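The values are calculated or read from the model by the stated rules, or taken from the named source; none is laboratory data. None of these values were measured; they are calculated from a predicted model. Don't worry about glycine lacking a Cβ; one is built from the backbone with ideal geometry, like all the others, and counts go over all protein chains shown.
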Amino acid sequence: MKSFKKQLASVALGVLSLLSACDSPELAQIDAPLVGTWQLDAVTYGLTGITVRGDSLPFTESREYTTEGTFTIKHEERMIETGTFYTGRNSTGLLYQEAVYYPQDTTYQAYEVSSEGRLYLYERSAQGAVLADGATYEYKRQ
């Protein structure tokens with residue numbers, strides 16, 4: 001009986017090790033089409049549905065996502081945020097099926113990279129939350 005308990009404990013430790021490894025940044029998934037530098041090109045506001053494009057935007061923004069799982073966000077050429085990210089399925093029921101997850105503040109953004117090479121990011125929110133009337137940000141690849 002002691003032998004069985006030791007084997008069961010070993011199997012349980014092995015399973016726990018595998019499960020904890022799934023959260024490891026080394027195994028984090030990075031969606032290849034997202035990688036690169038993106039320039040904000042349009043914002044569609046959720047409540048009104050109004051789209052503001054190009055020079056009419058109230059600010060400039062660029063984002064860079066790397067294959068190493070790091071990102072940088074700049075407003076008006078000034079860095080405002082840098083950190084780590086990973087990508088995965090979006091299970092909130094929003095339009096986009098993929099999501100960028102930012103573990104440092106436990107937020108996410110649903111996204112899609114279109115066949116035309118445009119990045120559509122939905123409003124960033126806390127993981128597990130859904131913003132029904134958030135804005136959609138459209139970026140072009142640099």
Considering every residue within the stretch 19-37, establish whether at least one is more than 17 Å from Leu131 (Cα to Cα), part of a strand (DSSP E or B) and modelled with pLDDT of 95 or more. yes
Given the condition touching a residue at least 60 places away in the same chain (Cβ under 8 Å), of a type outside the set (A, V, I, L, M, F, W, C), touching a Phe, Trp or Tyr at 6+ places or on another chain (Cβ under 7 Å) and within 16 Å of Glu123 (Cα to Cα), answer yes or no: does some residue in the stretch 74-89 qualify? no
Look at Glu116 and say whether it is free of Cβ contacts under 8 Å to residues at least 24 places away in the same chain, closer than 18 Å to Ile30 by Cα and not aliphatic (A, V, I, L, M). no
